[in-house]
Structure formats: C-alpha cells, structure tokens
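The values are calculated or read from the model by the stated rules, or taken from the named source; none is laboratory data. Source: prediction; values computed, not measured. Virtual Cβ from ideal backbone geometry, glycine too; neighbours counted across all protein chains shown. Areas reflect the complete protein model, heavy atoms only, side chains present, ligands, DNA and RNA absent. Shrake-Rupley method; radii C 1.70, N 1.55, O 1.52, S 1.80 Å.
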Amino acid sequence: MIRRVCSMVTAVAAVAVLAACSDSGKPAQTAQTTPAAPPAAPAATKSLVLYASHPTEMVDFFIKAFEKENPGVKVELITGGTGDLLGRVKAEKDRPQGDLLWGGSSTTGGSAPDLFVKYDAPVLKDISKELQDPAGYNAPFDAFAMVIVYNKDLVPEAQVPKSWADLADPKWKGKIRFANPTSSSSSYAALVNWKLIGDWPFIEKLARNMIIDESSSAPFTAVAQGEAPLGVAYEEGAYRVQKTGKVGIVYPSDGVIMLPGGLFLIKGGPNPVNAKKFADFVLATPQEQALVDNFAGRRPANTTVKFPAGMPAAADLKVLPYPADEAKSQQKDWLAKWKEIMIATR
Amino acid sequence: MTSARGVTPAARRARWRFDFWGVVTVAALLAFLVLLVYPLAWLLIASMTGAEGGGAVVLRTYTEFFTRRYYYETLIHSIAVSALVTVIATLVGAPLAYLVARFDIPGKLLIRALVVLTFVSPPFIGAYAWILLLGRNGVITGWFADLGLRLPSIYGVTGVVLVFTLQALPFVFLLVSAGLRTVDQSIEDAAINLGKRPAAVALTVIAPLIVPSLATGALLVFVTSLSDFGTPMIIGENFRVLASQIYTEFVNEHGGNPAVASALSLILLVITVGALLWQRAWVRKRAYGQETVRPLAMRSLRPRARLAATLYVYAVVLAASLPIVTIVVSSFLRARGPLITGEFTLDGYANALRLPHALVNTVVLSTVSTILCVVAGALVGYVVVRQRGRLAGAIDAFSMVPYAVAGVVMGIAIAVAFGGAPFYLGGTAAILVMVYFIRRLPYSIRSVSGMLSQIGTQVEEASINLGVPPGRTFWRVTVPMLTPALLSGALLTFATIAREFNSTVILYSGATRTLPVEVFAQVLQGNFANASVVGTVLIGVSLVPIVVLFRFMARDDDVLV
C-alpha cells in the first residue's frame, strides 16, 4: 500500500515537473504578479511592443521610420482587431506584455483608464484642440468622421443621400450596411453622431433600414463589391474603397463628428520610454505630413500639416462637438438601448 | 480512488504496473481534470461573476438571456437552423451514400475524392465562396441577371442553412458509408426472398440497421452547426445565432464581456450535452449486434434509373465541392481593392504578407499538438484496453467531449481558466496546443484502443515473460504493432487541427495567428481575394496528410469518421 502511494506521489511529482518545465521558456513568472510601481526614471530599453489594429501597410511604414530614427530599437508588431487587442491588454493587466495600443478611437482606451497611462508631451501644442483627450490618455494621431458610402452602379446620382436623415427614408430598407456598435467602436461613434441629431427616435428610424455587420470594414467592402448600395463607414475605409472607382463618399449635411484615433500607452508595459518616444514621433509634423502624403483618407491631427487634397477640411463640414465624457459614461446604457432598438427593428 | 480500485487484482499479480502505467494513469486523469473539468468549472464561475456588481449578479446574466429577445432569439435561431440542417443533410446525404455504395455509378473515385475534399475544408469557407457565387454581385447571380432572372438573396437564414447543409453532407456520407459496410448481404437476400421489393428493403430493412451510424452523423451535424459562428457571421447578415453571439460578446472593440460569453457558452454546452445524451439513449434501443460475413453486394441499375441516380449524386457532390473550386480559382485572380477581376495573377501569393507567418504557425502548432495527441493517445489507449477497469469511467466521459463541447465553448472555457491570472497563457502557443490536445485526444485514444482490441495480447505477454520490462515491451513490441494505426491517426489529427477555427479564434493573438484565423479576418474585412489565397494554402495543408493517408497508407475514407 505504501509502495502504491509512493508511486502515485512520484507520478504526480513527475507531471508537476513536466508542467514546470514547459513553462520555463516563458519570461520569469515570479510569485509577485502585480508589477512594482514604475521607478521614477524608467530605464531605456531596446525594444517596443506595439499592438496595432490599423492596416499593416501604414503601421509598417511608421515602424520603419521609427527604427531608422532610433537605431537599436526593435519594434515588435502584434496585429489584430481593436477588440482583440484591447481584450489582450485587459487580460494581461497584471503582467503587461505590450507597450502601445494603436487603433480604434479615443473612446477605445478611454473606456478603460485603468489599463493606460496619461500622455503629455510638447508636441500636443501642434495638435488640434478639438481632438485632444480631455481626460489626457489618448495621443491623438489622426481623426476620422463617420461618412456615408454608396455604390455608384446601384445608387443613381439623383438618389444619392445627402444627409443622415436621408438614410431614414423607408425606400432604403434593407439596403444600408452598418457595423454593430456593440462590437465596433467607430460604429459607436456613428450612434453618438445620430443621437446628437435626432436622439433615439431618429436612431430607430435609421435602424429599420440597416443590415447589421459584425466588422467595421464589412459595410464599405460590401458597398464596393456591389453587395449593398449604401453603407456607413469610417473615413479611411471609405477612401480605401473609393479607389475601386465604384464608391462615392458623402459627408452628411446634418452633421458629422470628428473622432480622434486612438493611441494609448499601456500601463506597466515593458518599454515605457520607447512607447512615449513612438507616440511623440508619430504625432510630430514630419510623420503627420508623411501620413497625409502616403495614406489617402487619413485626417491628420497635427495642425501644422498641409491638408490632404480631395478631402474636405473640418472647417468645410458641419462638425458636431463629440460629447466624449457622456459617450464614455453612458456607453453601457446606450448600447443596451441600441440592442433593444436593433431587435425591435429586425 | 477509481483507478486504485480497478487495479487492485492486477496489482497483486504484477507489481510493475505501477511503475510506468501508474504514471500514465495519473497523468491521464490529471490532464482530464486540468484541461477539461477545471476550465468548465471556470466557465460556470465566470458566468456568475461579472466584471461589475461582484457577488450580487450570480444569475443575472442568465435572467437577462432568457428575458431579452436580443439574446434568447439567438438560441431559437441556433436550434431551429441546426435541427433543420440535420434533417436536410440526413435526407440528402444518406441516399447519396447508399447510391454510391450499392450501385454502378460512374466515377466513384472522383465522388469520394470530392467528398473528402469537402470534409477537410475549414468550416466557414463555404460561406464566402457562396457570396462570390450567389451574392448580389456574384458570378452565378450575374449569369442569371443577363438572362433577366433575379435570384433570391443568398444572405440570411437561407445562406446559413445552405452552407451548413453542404458542409454537413460529408459527415453523413462517410458515416452512412461506414455503416453500410457492416450490413450483411444475407439480410437483404432474406428480405427479398420474403417478397420485398429492393427499394422497400433499403428503407425498411437496411435503414434500421444503420441507425447508429445515421444517428452519430446527425449528432455531429447538429453539434457542428450549433458551434459554427463563422458562417452566420459572414452570410447571415441580420440573422444572429448563439455561437456568433458568444464570439461577439467575447471579442469586441469595447473590450469584451467574458461573463456573458461564459453564460452563453454554458447554455450552448447544456444543449449539446442534452443532444448527446438523448441521441445515445435513442440509439441504445435501436442498435442491433450484427456479424458481417459478406458485405452488401454492388448492383447494376437499369439505364434510366442509373442516369437519374448519377445525376443526383453528381449534383449534390458538385454543389458541396463548388466552394472549394471557387476559392482556389479566385486565389489566382487579380483584386482591385475588394473587387475580384477576371485577370489571372500570382500576385495574391507574392503579396500575401502575413501568409508565411500564419502557415508556419499552423504547421508548427498542428505538428506539436499531433505528436502530443498521438503519444498520449497510444499510452492512454493502451491502459484502457490492456488494463481493464482503469480509467474506464473517466475515459468514457472523456470520449464524449468532441461531441458535447463545441469548439467555441472549449475555447472560451480554456480562455477564462488559463488566459489570465495566474497562468497568463492568453494568446500563447501553449494555450492553443492545450485546446487542440483536449479536443483531439479522444479520437486518438479511440483509434488506438480500437486497434489494440483487435491485436491479441500473446506477443506482449511473451515479451514480458522473457524478462523485458513492461515499459520497454510497450515501446519495442506494442508500438511497432500499432504503428500503422498511429501514423494514420497522426495524419488525420494533423489535418483536423490545421483547420480548427472555432476555438483558435477565441484564443489566438497576433503572434499565434493561424491560417483559418487569417482567412476569417480577411473575409470579415471583405478582402475576398486575400482570403482565397490563404484559404487555398489552408486547403492544401489539410489535404496533404489525407492524400498521403489514402495514397501511401492504403486507407479508405472510413478512417475519417
């Protein structure tokens, strides 16, 4: 009997050792799970872990420029949807693996201030005042409006909607693609946009005509492919598919909101110095100018930059002030309300 | 205690068993506890402890689910669609298998090859292929439009049912084919001698005999359809199902809601477990023990009947494999933004930036998981067969896992159990290997134990009597005898893991992105051309082992099920 117990114990021990071995390749996993408070002057490191949901071409462009300017620093890029990446930051909260979250909007990081540190830098004086994060977390790199895209083959010139209100016309029932605000932060911005215009009754009228997607790029892609006549899109996506020649863009006359794109410094990340450096770098005039010159549909946040041709400046549009605080604090309730409307209108 | 009690008599005879097989037994139980029981327990805990509200919210997620249409509607949709698909796939697939198995349909090799091809394609690939074909701007839609005909929309519940059904056909086909091989010709002869017409014999005599295979096929179809969220997300438009709701609750740009996702997962788990138990009870009353001496003979049909049968078989099989053809073809076409043109190009492959990374990830993760599965499967399978009593209860429960725990549910469970504190495995290769291992191990165990029951024990006993220690006997004597079974099991496991999507997409991160995840991401972003390129590579990766299996190991397609 004792022998049997012994062999059992040995077996368990063996398994435990195996399990321990399989973990040894990972970075030191100390008993202390919460990272110590960052020291007053964090040491410079040789790498930067960037979580980015933007199209890879743009991200790679700035990574290359950054590495060139900072020899010896290697940027490790982790891509994914904004949601995936935010989820990851959240999951790693007690032991952060990333330094920067680049993607989504100012509300993406704003919705979880416990995960990020505030950003402050001299370069902010060049950044458009409207785009600065009142809470001080976001490093506003660019901005985008939510716009209407239409397929030129499917929507005759005379019928092209001019405003959000035009989208509420019953003739568009089942013809408008819209990403679900419960999973897309840019769509949530559109929801807030409509709320400013006509509150919930207006949203309900719009919802009646919508086909709901679960990815924020699905609507403009479907419009470009001729799968749908109309869609609600974030600006950069709209310009991306405009290149197909099939897609027209409408800045609704009843008002758009300008939402700052998100760039957040992850709290307790392994390379805080480089994270800050990267944010300073991309916000500065040369990089913002490169953004405008190389990537259509990107709206620079830096006011010293020559504005892109073929894109209306904010001054030429009816821009509604984005109620950032309310949009953040009410997000849960507003999304719950949206779910009800969405179901009632299916 | 279970294992100790079972082993006592054996232990009296031969004490050595503890040394090696004791370790195996304990390790197997431990793996079972750690990788299955623990995560499912966590699922339950997570579903009751939301991020906000603390302990007060125990059942709130559930109350909300069953009182708000936004949620319970998805459950109704899921059950309705899965049941419908199960019925249609069985009604279409069983005759298909019967016709191919019994009659002189031309080109059987091609038919079987196409079925296998469909079988190995990743779950949601049909969805976007059908959009390319039958979408509002699809190829076939265009042809009909030129003729002045407007096809009904493929989007919504129609498309979901179509795609699910075509994906389900190989399951039904392969299982019914396997079932038919166990029916003895004498039964048919007897029925015909008693005055039954052949057609009636198929329905009233042969069909009841293959009920267990049919029911297994039906269960697989039902569970697979319940679990697949890629398809409804791509082609469902406003049609939401439970699995897609689980995914969007878990992964979204507002950070996700693990509590709700866990609760929904548990609801899905209850349904699949319920379906499994019901199916088992139902089959138990209808299973006949049969001894097959002479398998059912092949028969000739009269020309007209033969033509009709051939048309039916080819129509169904071609429809089922059309998506794959579409994907492979469109991977060689030039894309203008999200639009696919008619121009041939290899640029898609040359420019697929993240393809090599995803390919390497897929191959490495699948290989590692396969090796673990095969080794563990061999050891545990051996314990189950050769050391009766040990592990029996646990293994029996365990063998139901693939049927009872949908991929998305397993993914969420593993994510809530190991993703965060104190393990921090979220997004790592380790967590993916864990989920692949636990999902695939039951098959490995089953294939080894099946093989071992056929080989006698004499050789092993002789080896031990000659003084070779049992551990070495296993490696030197048993394993070589098992090698063919292990190798074919490995190939099959590799092919299955390479295309595993539902659990991967819950657990992956940028660094561990696999081919199926990459296809899905491209489809959701609307880059159908890129998706086709990655999809074609994925089809290749999961097809190679199957081709090796058939071609070089002379296996038949019944090893697939």
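For segment A:197-232, a tally of residues being outside any helix (DSSP H, G or I) and within 11 Å of chain B (Cβ to nearest Cβ) returns 14. Out of B:287, B:319, B:335, B:309, one residue alone is of a type outside the set (Asp, Glu), surrounded by fewer than 15 Cβ atoms within 10 Å (Cβ to Cβ) and more than 30 Å from residue B:46 (Cα to Cα). It is B:287. Residue B:425 meets all of the listed conditions (1) at pLDDT below 85; (2) surrounded by 20 or more Cβ atoms within 10 Å (Cβ to Cβ); (3) over 30 Å from residue B:274 (Cα atoms); (4) not acidic (Asp, Glu) but one, namely (1). Residues of segment A:175-203 that are over 21 Å from the mean Cα position of the chain (by Cα) and closer than 22 Å to residue A:108 by Cβ: A:196, A:203. Close contacts from segment B:143-172, counting a first residue that is assigned to a helix (DSSP H, G or I) and a second that is open to solvent by 70 Å² or more (accessible area, probe 1.4 Å), with Cβ to Cβ under 8 Å and a gap of 6+ residues or different chains, come to B:144/B:150; B:158/B:152; B:161/B:84. Only one of these conditions is not met by residue A:296: (1) more than 20 Å from residue A:190 (Cα to Cα); (2) within 14 Å of chain B (Cβ to nearest Cβ); (3) open to solvent by less than 30 Å² (accessible area, probe 1.4 Å); (4) aliphatic (A, V, I, L, M). Which number is it? Checking residue A:296 against (1) more than 20 Å from residue A:190 (Cα to Cα); (2) within 14 Å of chain B (Cβ to nearest Cβ); (3) open to solvent by less than 30 Å² (accessible area, probe 1.4 Å); (4) aliphatic (A, V, I, L, M), the one that fails is (3). Scanning segment B:343-388 for residues that are part of a strand (DSSP E or B) and either charged (D, E, K, R) or assigned by TED's automatic domain parsing to the domain that holds residue B:492 (or both) yields one hit, B:343.
When the helices (runs of 4 or more DSSP H) confined to segment B:24-138 are screened for residues that are assigned by TED's automatic domain parsing to the domain that holds residue B:239 and of a type in the set (D, E, K, R), those reaching at least 3 such residues are found at B:69-102.
Conditions (1) open to solvent by 10 Å² or more (accessible area, probe 1.4 Å); (2) at pLDDT below 80, marked per residue:
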{"site": "B:382", "(1), (2)": "yes, no"}
{"site": "B:385", "(1), (2)": "yes, no"}
{"site": "B:395", "(1), (2)": "yes, yes"}
{"site": "B:413", "(1), (2)": "no, no"}
{"site": "B:429", "(1), (2)": "yes, no"}
{"site": "B:434", "(1), (2)": "yes, no"}
{"site": "B:449", "(1), (2)": "yes, no"}
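Against the list (1) within 30 Å of residue A:154 (Cβ to Cβ); (2) open to solvent by less than 30 Å² (accessible area, probe 1.4 Å); (3) among the β-branched types (Val, Ile, Thr), the condition residue A:319 fails is (2). What number goes with the only condition from (1) more than 7 Å from every other protein chain (Cβ to nearest Cβ); (2) open to solvent by 10 Å² or more (accessible area, probe 1.4 Å); (3) under 19 Å from residue A:235 (Cβ atoms) that residue A:193 does not pass? For residue A:193, the exception is condition (2).
All told, residue A:259 meets the bar of being modelled with pLDDT under 90, more than 9 Å from chain B (Cβ to nearest Cβ) and open to solvent by less than 20 Å² (accessible area, probe 1.4 Å). Candidates in segment A:107-134 are the residues that are among the hydrophobic types (A, V, I, L, M, F, W, C) and more than 14 Å from chain B (Cβ to nearest Cβ); of these, the one that is nearest to the chain's Cα centre (by Cα) is A:131.
Here the helices (runs of 4 or more DSSP H) wholly within segment A:1-114 that include at least 3 residues being surrounded by 11 or more Cβ atoms within 10 Å (Cβ to Cβ) and modelled with pLDDT under 85 are A:2-23, A:82-91, A:106-110.
Among the candidates B:236, B:230, B:256, which residue alone is on the phi > 0 side of the Ramachandran plot and open to solvent by less than 30 Å² (accessible area, probe 1.4 Å)? Result of the check over B:236, B:230, B:256: B:256. Hey, any hits in segment B:103-111 for a residue that's among the hydrophobic types (A, V, I, L, M, F, W, C), more than 20 Å from residue A:212 (Cα to Cα), touching a residue at least 24 places away in the same chain (Cβ under 8 Å) and touching a Pro at 6+ places or on another chain (Cβ under 9 Å)? Looking for residues that are among the hydrophobic types (A, V, I, L, M, F, W, C), more than 20 Å from residue A:212 (Cα to Cα), touching a residue at least 24 places away in the same chain (Cβ under 8 Å) and touching a Pro at 6+ places or on another chain (Cβ under 9 Å), one finds none in segment B:103-111, hence no. Filtering segment B:208-219 down to residues that are open to solvent by less than 30 Å² (accessible area, probe 1.4 Å) and in a helix (DSSP H, G or I), which residue is nearest to residue B:399 (Cα to Cα)? Within segment B:208-219, the match that is nearest to residue B:399 (Cα to Cα) is B:219. Going residue by residue through segment A:262-281, is there one that turns out to be under 30 Å from residue B:236 (Cβ atoms), among the aliphatic types (A, V, I, L, M) and at pLDDT 90 or above? Scanning segment A:262-281, I find no residue that is under 30 Å from residue B:236 (Cβ atoms), among the aliphatic types (A, V, I, L, M) and at pLDDT 90 or above, so the answer is no.
Okay, residues lined up against (1) modelled with pLDDT of 90 or more; (2) in a strand (DSSP E or B); (3) touching a Phe, Trp or Tyr at 6+ places or on another chain (Cβ under 9 Å); (4) closer than 22 Å to residue B:199 by Cα:
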position	(1), (2), (3), (4)
B:290	no, no, no, yes
B:306	yes, no, yes, yes
B:311	yes, no, no, yes
B:322	yes, no, yes, no
B:341	no, yes, no, no
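Residues checked against (1) within 14 Å of chain A (Cβ to nearest Cβ); (2) touching a residue at least 60 places away in the same chain (Cβ under 8 Å):
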site: B:256; (1), (2): yes, no
site: B:263; (1), (2): no, yes
site: B:267; (1), (2): no, yes
site: B:276; (1), (2): no, yes
site: B:280; (1), (2): no, no
site: B:286; (1), (2): no, yes
site: B:294; (1), (2): no, yes
site: B:298; (1), (2): no, yes
site: B:310; (1), (2): no, yes
